[in-house]
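The values are calculated or read from the model by the stated rules, or taken from the named source; none is laboratory data. The structure displayed is predicted, hence computed values, not measured ones. Please note: Cβ atoms are built from the backbone with ideal geometry, for glycine as well, and neighbour counts cover all protein chains shown. Surface accessibility is based on the protein's heavy atoms, side chains included, excluding ligands, DNA and RNA. Shrake-Rupley method; radii C 1.70, N 1.55, O 1.52, S 1.80 Å.
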Amino acid sequence: MMRFYRFFLLLFCLNFASISHAQTSIAEARLQAVGTEVTVRGVVTNGPELGIIRYIEDPTAGIALYFSALTNSLNPGDSIVATGILDDFAGLLELNPISELTVVQTAVELPIPQLIENASLNESLESELVRLNGVVFQNGGSQFSPNTSYTFTQGSGSGSLYI
């Protein structure tokens, strides 16, 4: 009888562990409260050109990963599973710190950037690849700088892009 209880307890613990680290879509994860631990799967869309931050996307949304010890080795096209705490850094929703990170596959095709008009450029697209055609930057011809906002026009409209 004692074996049965031990087996049942072991089964319960394994089931609880799998639930506590169950993957959720990035869109669902983004709806959780800051401070919540989430596990997401996505494809890395940038490399070291943006420093130690990496962005991942799944078919539902994108999110930033910030934790140098685990993200430095990630490359565009890596399919990963990451577990971390949702954090808001200067308006950017990110996972920080990251407690677990697994590269599932490398050289995965990157998501196709969404073609949008400047009126559609808003926070719902944060951390996702987007494409704007026919834009002219007010201070065009120079290299973008981090932590800087750039004004652009597209047809008769205008918008801002924050790097």
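Observations on the model:
- A Förster radius of 35 Å, combined with the Cβ-Cβ distance separating ASP88 from ARG131, puts the computed FRET efficiency at roughly 0.85.
- Rolling a 1.4 Å probe across the protein heavy atoms gives segment 90-163 an accessible surface of 68 Å² per residue.
- Dividing the summed -39500 (n - 2.57) terms of all DSSP H runs of n ≥ 4 by the residue count of the chain sets its mean residue ellipticity at 222 nm at -5000 deg cm²/dmol.
- Take the Cα of GLU117, step 7 Å toward its Cβ, do the same at GLN143, and the gap between the two points is 3.5 nm.
- Ellipsoid equivalent to segment 81-163 - semi-axes via the Cα gyration tensor, in Å: 29, 16, 13
- Mean projected area of the Cα convex hull of the chain, taken over all directions, amounts to 11.7 nm².
- In sequence order, calculated HN-Hα J values of segment 76-90 (Karplus, 6.51, -1.76, 1.60; Hz; x Gly/Pro): x, x, 7, 8, 10, 10, 10, 10, x, 9, 5, 9, 10, 10, 6
- Treating r as the C-beta distance of THR153 and SER124 and R0 as 30 Å, the FRET efficiency rounds to 0.85.
- In sequence order, calculated HN-Hα J values of segment 25-33 (Karplus, 6.51, -1.76, 1.60; Hz; x Gly/Pro): 5, 5, 4, 5, 4, 5, 7, 6, 6
- Summing Lys and Arg as +1 and Asp and Glu as -1 over all other residues whose Cβ lies under 14 Å from the Cβ of ALA82 gives a net charge of -4.
- As a rough guide to protection, the peptides 124-136, 105-117 ranked by mean Cβ packing within 10 Å, highest first, stand as 124-136, 105-117.
- Rg over Rh, two decimals, segment 122-163 (C-alpha only, Kirkwood Rh): 0.94
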